[in-house]
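Presented below is the structure to which this report refers.
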Amino acid sequence: MESIEQKVNSAISLIRPFLNDDGGDVELVEVTSDRIVKVRLTGSCKDCSMKQSTLRGGIEETIKKAVPEISAVLAVED
């Protein structure tokens, strides 16, 4: 059986090509005990003016669709 982290990474791999097309990327930092996913935006996504939109409308939506038990997706800084 896949762990939550494996499921989240699989979901991230679905959206990664779209981020890569714009010179950006996302990496999983952790999944907390209360099922909050923490990700780090990298490359052009890190400083993009649309990063909140990308986080909510793309990354969070994709992760929650694949892993419905996730309660939230948050971006963390370095």
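The numbers here are math on the coordinates, done by the rules we state, and not lab data. Just so it is clear, the structure is predicted and the values come from calculations on it, not from any experiment. For neighbour counting, all protein chains shown are included, and Cβ atoms are generated from backbone atoms with ideal geometry for every residue, glycine included.
Scanning the range 1-23 for residues that are in a helix (DSSP H, G or I), without any contact (Cβ under 8 Å) to a residue 24 or more places away in the chain and more than 11 Å from Ile59 (Cβ to Cβ) gives Gln6, Asn9, Ser13, Pro17, Asn20, Asp21.
Exactly one residue among Val73, Val37, Val26 is assigned to a strand (DSSP E or B), in contact with a Ser or Thr (Cβ under 8 Å, 6 or more places away or on another chain) and among the β-branched types (Val, Ile, Thr), and that residue is Val26.
Does Ser13 meet the test of being among the polar types (S, T, N, Q), within 13 Å of the chain's Cα centre (by Cα), surrounded by fewer than 19 Cβ atoms within 10 Å (Cβ to Cβ) and on the phi < 0 side of the Ramachandran plot?
Judged against the criteria, Ser13 is a match.
Residues in the range 30-44 that are under 18 Å from Ala66 (Cβ atoms) and under 9 Å from the mean Cα position of the chain (by Cα): 3 in all. Selection of the range 48-68 for residues being under 18 Å from Asp21 (Cβ atoms), among the aliphatic types (A, V, I, L, M) and in contact (Cβ under 8 Å) with a residue 24 or more places away in the chain yields only Ile59.
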